[in-house]
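S.K.: Supplied in structure tokens, the structure appears directly below.
The values are calculated or read from the model by the stated rules, or taken from the named source; none is laboratory data. What you see is a predicted model; the values in this text were computed from it and never measured. So basically every Cβ, Gly included, is an ideal-geometry build from the backbone, and we count neighbours across all protein chains shown. The area values use the complete protein model at the heavy-atom level, side chains included, leaving out ligands, DNA and RNA. Shrake-Rupley method; radii C 1.70, N 1.55, O 1.52, S 1.80 Å.
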Amino acid sequence: MIVWVNGAFGSGKTTLVDELRTRWPEALVYDPELVGYVLREIVEVPTGDFQDLRLWRRQVADLAVGLVEEYDRPVLVPMTLVDPGYAGEIFGALKGAGIEVHHFFLKVSRQVLEERIDGRSLTPDDPARDERVRRWCKDRIEPCVAAADALPADTTFLDGELTPRELADQVLSHVRAGA
């Protein structure tokens, strides 16, 4: 089983997955961004977004399937994935491999997203780079919010402004109800 936690940058995906992990210790955490970082070291990413690489999408799905098949454990995936075609590719590959997928999308107001992004520091020793990353995240808020309507029909929408504990309760309840 894969529990994919989706939403705009700053919506709380990683925080929710961290909360889920403490309450679901057998689950594995898989961050597809790591696949993107590896690919950036090997090939050029013309658009600047590794999700635009077909190989990234294929590898993300293949590794997720492999984790479920090899370890027979649930996999928690915190990843923004809002392009409907890309979501279709990845979720289609997962479902085609017989993997049960629970897809959640955290809805958060633009104001809260901006506040959360402004409160982050990923590279404190490089303020200029930190600001570029924050700007990049903010520039993607609108497309992420707008894309919510085009996500797969089985997407479960959650109020991302709830506490991580409340959100984890909802996710676990939903996943267990489907089991």
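S.K.: Just the number please: accessible area per residue for segment 43-179, 1.4 Å probe, all protein chains included, in Å². Could you put the intermediate results ahead of the total?
M.R.: Details: 7450 Å² over 137 residues.
Per residue, segment 43-179 has an accessible area of 54 Å².
S.K.: Classify segment 29-110 from the C-alpha gyration tensor, please: rounded if a/c falls under 1.5, else prolate or oblate depending on whether a/b exceeds b/c.
M.R.: Here segment 29-110 falls in the oblate category.
S.K.: What residue among Ala61, Ala97, Ala27 shows peak mean-square fluctuation when the chain is described by a Gaussian network model with Cα springs under 10 Å?
M.R.: For the chain, modelled as a Gaussian network with Cα springs under 10 Å, the answer is Ala97.
S.K.: If I model a spin label at Ala128 and Arg73 as a point 7 Å from the Cα along the Cα→Cβ vector, what separation in nanometres do I get?
M.R.: So the two model labels end up 4.2 nm from each other.
S.K.: When the chain is fully extended, how far beyond the present Cα-Cα distance does Ala153 get from Arg110, taking 0.36 nm per residue of separation?
M.R.: Value of the extension gain: 13.2 nm.
S.K.: Which far-off residues, 5 or more places away or on another chain, put their amide H under 5 Å from the one on Leu28, with H placed in the peptide plane?
M.R.: Val75, Leu76
S.K.: If you stretched the chain out fully between Arg23 and Val43, how much longer would it get, using 0.36 nm times the residue separation minus the C-alpha to C-alpha distance? Working shown, then result.
M.R.: Details: separation 20, 0.36 × 20 = 7.20 nm, distance 3.79 nm.
The Arg23-Val43 span can extend by a further 3.4 nm.
S.K.: Let me check against my output: what whole-number percent is the relative contact order of segment 45-124, with C-alpha pairs under 8 Å and at least 6 apart?
M.R.: 25 percent
S.K.: Right, another one. Name the shape class, rounded, prolate or oblate, that the alpha-carbon gyration tensor gives for segment 62-179, where a ≥ b ≥ c are the square roots of its eigenvalues, rounded holds for a/c under 1.5, and otherwise prolate holds if a/b is larger than b/c and oblate otherwise.
M.R.: Details: a/c = 1.76, a/b = 1.60, b/c = 1.10.
Prolate is the answer for segment 62-179, as a/c is 1.5 or above and a/b outweighs b/c.
S.K.: Show me 86-96, 121-131, 2-12 ranked by packing, highest mean number of other Cβ atoms within 10 Å first.
M.R.: Values: 86-96: 17.4, 121-131: 10.5, 2-12: 24.9.
My ranking of the peptides, most packed first, is 2-12, 86-96, 121-131.
S.K.: For Val175, what accessible area in Å² do you get when you roll a 1.4 Å probe over the heavy atoms of the protein chains, rounding to the nearest 10?
M.R.: The accessible area of Val175 comes to roughly 10 Å².
S.K.: Another question about this same structure. Pull out a ≥ b ≥ c, the square roots of the eigenvalues of the alpha-carbon gyration tensor of segment 1-76, then state rounded if a/c is under 1.5, prolate if not and a/b is larger than b/c, and oblate in the remaining case. Walk me through the numbers before you get to the answer.
M.R.: Details: a/c = 2.72, a/b = 1.48, b/c = 1.83.
In terms of gyration-tensor shape, oblate.
S.K.: Now for a different question. As a test of the formula, what do you get for the chain when each DSSP H run with n ≥ 4 contributes -39,500 (n - 2.57) and the sum is divided by the residue count, at 222 nm and rounded to the nearest 500 deg cm²/dmol?
M.R.: On the way: 8 runs with 96 residues, N = 179.
Estimated from H runs of four or more residues: -16500 deg cm²/dmol.
S.K.: Within segment 1-53, what whole-number % of the accessible surface is contributed by carbon and sulfur, with the 1.4 Å probe and all protein chains included in the calculation?
M.R.: Details: 1350 of 2460 Å².
Using a 1.4 Å probe with all protein chains present, segment 1-53 comes out at 55 percent carbon and sulfur.
S.K.: In segment 1-158, what percentage of the DSSP-assigned beta bridges are antiparallel, given to the nearest 5? Could the numbers behind the result be given before it?
M.R.: On the way: 0 of 15 bridges.
Percent antiparallel among DSSP bridges in segment 1-158 is about 0.
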